[in-house]
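Visitor: Okay, handing you the structure first.
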């Protein structure tokens, strides 16, 4: 089988896995065009076994059995290709659910799901005035996350300098941007789990992952059947299913929720893509990953075959990799536990391509949370890179405390 992957350099490990150790052929394209193209935008994936890096996407469209969009961006193209009769894995029009947050809230309301209190504010000047009299809010924007990601405004003074920076970023159109401002819910009165999985155009593929992610610094998940999901989370998926079906959504998804009681949870955000960075573990946690991707694209039934009931991921960073090449070194016998992000390969050496601090993820699976944690803990000292921060096990320990806390909300992990 031939896969053609259209990617923005974040999911090269998943593309490598599609090759299934030589069973399939994988063409990997990352958009590099710019007014002044740089090599680093093209370099990701070069030399990776099983992956053929291709310069021009449409040269391979008719050759591929399945065209794959792991990320949220480019899904207008995915939708167009699907309508032309190509077999496509990706959110398609479902990308709107992630990139247009106010629209998502209207969909949630129409679906009859609990809706977290929020307001839409147009313009940075209006946002400033609102925050002066409305403390303890979360501020979110659509699409342009590189400029600023979601942030917590404890009060106006605590974010004034950030708003000053946004004055410069948005310049003369600063009062044209829309901001979504949500009420903050006290951490000790709530819980923030997520569900990660796949939708095949008709229904959710089982099993799904019930998980706790701590600020992208750690991840612990458990494979569960749909009927085994906590009632608060299952209600949300039941409300979303007709929406995803109408959008002909055929791809990966993640939802982030805020659980406030044993019966109620608010949908905070949807990721219309593979979640990052921890989904790098999919390539080992899902034994039939290539079959899963193809059958989801074909709108066919498929069952996920997990490697173990529990899984975990610990992302590691080197700030040096923001601007410079960094070699990632580990014993090749341990390759199944170390999954890289933006990288290329030269002979048997791995190099992080400049652009991201996150360079490698430690992944593990097991029959219990404790087993997964202990495996990751042992592996931390087995990988090396210039500037690599390895004293980061605290995130996994926080996740374990959240799992204990979940019991008081009726969620048994």
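None of the figures in this text is laboratory data; all of them are computed from the coordinates on show. Please read these numbers as outputs of a predicted model, since none were measured by experiment. Note that we place each Cβ from the backbone using ideal geometry, even for glycine, and neighbour counts take in every protein chain shown.
Visitor: Of the DSSP beta bridges with both residues in the chain, give the percent that are antiparallel, rounding to the nearest 5.
Guide: Details: 63 of 76 bridges.
Close to 85 percent.
Visitor: What is the Cα centroid distance between the range 227-297 and the range 93-138, reported in whole angstrom?
Guide: If we compute the Cα centre of each part, the gap is 21 Å.
Visitor: Another question, if that's okay. Can you show me the helix-derived [θ] at 222 nm for the chain, built from DSSP H runs with n ≥ 4 at -39,500 (n - 2.57) apiece and divided by the number of residues, rounded to the nearest 500.
Guide: Numbers: 12 runs with 112 residues, N = 413.
Rounded to the nearest 500, it is -8000 deg cm²/dmol.
Visitor: Name the shape class, rounded, prolate or oblate, that the alpha-carbon gyration tensor gives for the range 270-413, where a ≥ b ≥ c are the square roots of its eigenvalues, rounded holds for a/c under 1.5, and otherwise prolate holds if a/b is larger than b/c and oblate otherwise. Provide the component values of the computation, followed by the final result.
Guide: Working: a/c = 1.80, a/b = 1.22, b/c = 1.47.
Judged from the Cα gyration tensor, the range 270-413 comes out oblate (a/c at least 1.5, b/c at or above a/b).
Visitor: With 10 angstrom as the radius, rank 21, 167 by how many other C-beta atoms surround their C-beta, starting from the fewest. Let's see the in-between values first.
Guide: Numbers: 21 10, 167 13.
Going from sparsest to densest Cβ surroundings: 21, 167.
Visitor: Among 8-19, 143-154, what's the highest-first ranking by average C-beta atoms within 10 angstrom per residue? Working shown, then result.
Guide: Values: 8-19: 23.4, 143-154: 12.9.
Ranked from most to least packed, the peptides come out as 8-19, 143-154.
Visitor: Going by the alpha-carbon gyration tensor, a ≥ b ≥ c the square roots of its eigenvalues, is the range 149-195 rounded (a/c under 1.5) or, if a/c is not under 1.5, prolate (a/b greater than b/c) versus oblate?
Guide: On the way: a/c = 3.10, a/b = 1.97, b/c = 1.57.
It comes out prolate by the Cα gyration axes.
Visitor: At a 10 angstrom cut-off on C-beta neighbours, averaged per residue, how do the peptides 290-299, 30-39 rank from highest to lowest? Kindly include the intermediate steps, with their values, before the conclusion.
Guide: On the way: 290-299: 20.8, 30-39: 10.7.
Descending mean neighbour count gives 290-299, 30-39.
Visitor: Right, next: Which one, 262, 390, 133, has the greatest fluctuation when you compute a Gaussian network model over the chain with C-alpha springs under 10 angstrom?
Guide: Highest fluctuation of the listed residues: 133.
Visitor: A further question on this structure: Would you look at the GNM of the chain, springs on alpha carbons closer than 10 Å, and say which of 85, 394, 74 moves the most?
Guide: 85
Visitor: Separation of the range 348-403 and the range 1-46 by C-alpha centroid, Å?
Guide: Computed from Cα coordinates, the inter-centre distance equals 24 Å.
Visitor: Also, I was wondering about something else. Quick one: check the C-alpha center-to-center distance for the range 299-336 versus the range 145-224, whole angstrom.
Guide: Measuring centre to centre over Cα atoms gives 22 Å.
Visitor: Compute the relative contact order of the chain as a whole-number percentage, counting only Cα pairs closer than 8 Å that sit 6 or more residues apart in sequence.
Guide: Details: 892 pairs, mean separation 67.0, N = 413.
Once divided by the residue count of the chain, the mean separation gives 16 percent.
Visitor: When the chain is modelled as a GNM with alpha-carbon springs shorter than 10 Å, which of 360, 326, 44 fluctuates the most?
Guide: It is 326.
Visitor: How do 80, 285 rank when sorted from fewest to most other Cβ atoms within 10 Å of their own Cβ?
Guide: On the way: 80 12, 285 25.
Ascending number of Cβ neighbours within 10 Å: 80, 285.
Visitor: Calculate the all-directions average of the projected area of the range 86-152's alpha-carbon convex hull, and give it in nm². Please report the intermediate quantities before stating the final value.
Guide: Details: hull surface 26.2 nm².
Spelled out: convex hull of the Cα atoms, projected over all directions, averaged, 6.6 nm².
Visitor: Once you have a ≥ b ≥ c as the square roots of the Cα gyration tensor eigenvalues for the range 140-249, tell me rounded if a/c is under 1.5, and otherwise prolate or oblate according to whether a/b is larger than b/c. Provide the component values of the computation, followed by the final result.
Guide: Values: a/c = 2.69, a/b = 1.77, b/c = 1.52.
Prolate shape, in that a/c is at least 1.5 and a/b is the bigger ratio.
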